[in-house]
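The values are calculated or read from the model by the stated rules, or taken from the named source; none is laboratory data. Note that this is a predicted model, so its numbers are computed, not measured. In this analysis, Cβ positions are derived from the backbone assuming ideal geometry, glycine residues included, and neighbour counts consider all displayed protein chains.
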């Protein structure tokens, strides 16, 4: 008893190293919460500005439809407004998140952040959480402004949460993987620009797939954007999507799982 | 300098691990054929401050990345205690506290927040982390910057905040890459005390630096690496042994004068700008002095200095090269 106290007091008692190793869901979740804090504090100076920009973007998008199509009908406006919710989600995953990683590589903090004792996927989900909070308001604002301006009749299903989660997950996992995998962060910047351009202009998100050439329609059957628009549209309105949403949900789920698996591989890989 | 102000250590600091860092025959050859390090073997015992010295590009940072589980060696082994850090990179990160040489991502974090958050990410509980942060801010006399964000801190203070981030939750292995860069001389002394105290508390401390003068005083043992290989290893005294009985001659050449040929009893000079360094045996001191006085009198040399050799001379002898010497002496004499 006495010797135990003495040992503790003089700090001579050797602790087994394994006792230092943390594993399991509690460790994962604690690390996730701490990394959310880390991300928020890291963005705190830009946060108000970014949210304000997202709100303006959303409102601008909604009002911009009226310029693209003169006097859109209610159905046309609903189609555009629901399609437009997909754009900020894709931007979040394919542009914002990868650019954070690219920036860390450029300013030399990447090795520090990835040397922290945090499970890699907890780090990814923490980034996804914070950037969703930054990136998603514009989708909501676009919808709200469009609903008010064009007097839309939205019918929001609780499934919209699942839909949004899947869309954001697919986009962010893809963005996160290539920003880690590509050695040169400048390549990442270029790819983000290219991807978002393709998604906005050449994916059947804000227009029906029939307007695309047949081969591109066929390609899009298996790619996320069209299905992302489907699940968002289907869970925000009634009757705007023909047929069941199930195939779209299923395909997006497969994409999300595959993308996470690849992300997990890419971000735990060592050079 | 008073040491009486040291607050009593709290419970969390009284940890000890019987875990040496054992790096054995580590090598990294990239697919391109470039060899980043070659047969590196180093052991850092708990309670020890071990210096890793070498010029820029010697492979110091590569080795650190390998220990941290960020870079996979192509050969050899790295163990901390009985844990294989190459096979378990996640364990490596949990057991290691790290101060990188480069930028810290704390631009918009207040100093105190950064220290406490990293302490918690390293597994410390909130109370212990707060108590230890109090202690560190006091010991390093940084209280006035506690609430400043990283972007508002000077380079030296930011470095010290980075040190506190690595020291707040005790880890079995602590890796500090150029911890004293940009730190003012007074706080530098405090910092060295705290680095020593990390080792006294049972951590194995690996100190990466190219500042030989500081390392000589601060480390228990050191390895000098060059071109990815360990060229010498031992205590500072043992490494200097070969240069014992030798003196060092430093001359400054007049701006328009050529560096004259050195007599054979002087070692080949290493020239850095207008200065040149050489070593000689003690018994040659008298004729060397005559030689250098003459050349100073006729205006070839502006000034000279004859003195005892230091670890620097050993380092220069082992690492050689003018470019390296420039980095070395620029740092050592300028700071």
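Quick notes on this one:
Listed here are the residues, each with its yes/no results for (1) in contact with a strand residue (DSSP E or B) (Cβ under 8 Å, 6 or more places away or on another chain); (2) surrounded by fewer than 22 Cβ atoms within 10 Å (Cβ to Cβ); (3) closer than 22 Å to residue A:207 by Cβ.
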position: A:228; (1), (2), (3): no, no, yes
position: A:231; (1), (2), (3): no, no, yes
position: A:238; (1), (2), (3): no, yes, yes
position: A:247; (1), (2), (3): no, yes, yes
position: A:252; (1), (2), (3): no, no, yes
position: A:265; (1), (2), (3): no, yes, no
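- Boolean, residue B:64 is surrounded by 21 or more Cβ atoms within 10 Å (Cβ to Cβ), touching a strand residue (DSSP E or B) at 6+ places or on another chain (Cβ under 9 Å) and modelled with pLDDT of 95 or more: no
- Scanning region A:105-135 for residues that are without any contact (Cβ under 8 Å) to a residue 60 or more places away in the chain, in contact with a helix residue (DSSP H, G or I) (Cβ under 8 Å, 6 or more places away or on another chain) and farther than 25 Å from residue A:25 by Cβ yields A:110, A:111.
- Checking region A:200-220 against the condition returns no match, with no residue being buried (at least 20 other Cβ atoms within 10 Å of the Cβ) and within 16 Å of the chain's Cα centre (by Cα).
- Per-region count, region A:223-271, residues away from chain B (no Cβ under 14 Å) and outside any helix (DSSP H, G or I): 10
- Annotation note: of A:229, A:218, the sole residue that is modelled with pLDDT of 90 or more and closer than 24 Å to residue A:158 by Cα is A:229.
- Selection of region A:137-165 for residues being part of a helix (DSSP H, G or I), over 22 Å from residue A:57 (Cβ atoms) and touching a helix residue (DSSP H, G or I) at 6+ places or on another chain (Cβ under 6 Å) yields only A:159.
- Residues (more than 7 Å from chain B (Cβ to nearest Cβ) and surrounded by fewer than 19 Cβ atoms within 10 Å (Cβ to Cβ)) located in region A:106-119: A:106
- All helices (runs of 4 or more DSSP H) inside region B:83-189 with 1 or more residues being in contact with a strand residue (DSSP E or B) (Cβ under 7 Å, 6 or more places away or on another chain) and touching a residue at least 60 places away in the same chain (Cβ under 8 Å): B:89-95, B:155-167
- The requirement of being surrounded by 20 or more Cβ atoms within 10 Å (Cβ to Cβ), within 11 Å of chain A (Cβ to nearest Cβ) and closer than 30 Å to residue A:47 by Cβ is fulfilled nowhere in region B:24-37; no residue meets it.
- Condition broken by residue B:7, with the remaining ones in (1) closer than 19 Å to residue B:197 by Cβ; (2) modelled with pLDDT under 90; (3) surrounded by 15 or more Cβ atoms within 10 Å (Cβ to Cβ) satisfied: (3)
- The residues of region A:180-194 that are at pLDDT 90 or above and surrounded by 20 or more Cβ atoms within 10 Å (Cβ to Cβ), listed by number, are A:188, A:192.
- On inspection, residue B:57 fails the criterion of being modelled with pLDDT of 90 or more, more than 19 Å from residue B:205 (Cα to Cα) and more than 9 Å from every other protein chain (Cβ to nearest Cβ).
- Answer residue from region A:1-52, given it is in a loop (DSSP other than H, G, I, E, B) and modelled with pLDDT under 70 and is farthest from the other protein chains (Cβ to nearest Cβ) among those: A:1
- Boolean, residue B:76 is more than 8 Å from chain A (Cβ to nearest Cβ) and either surrounded by 23 or more Cβ atoms within 10 Å (Cβ to Cβ) or at positive phi (or both): yes
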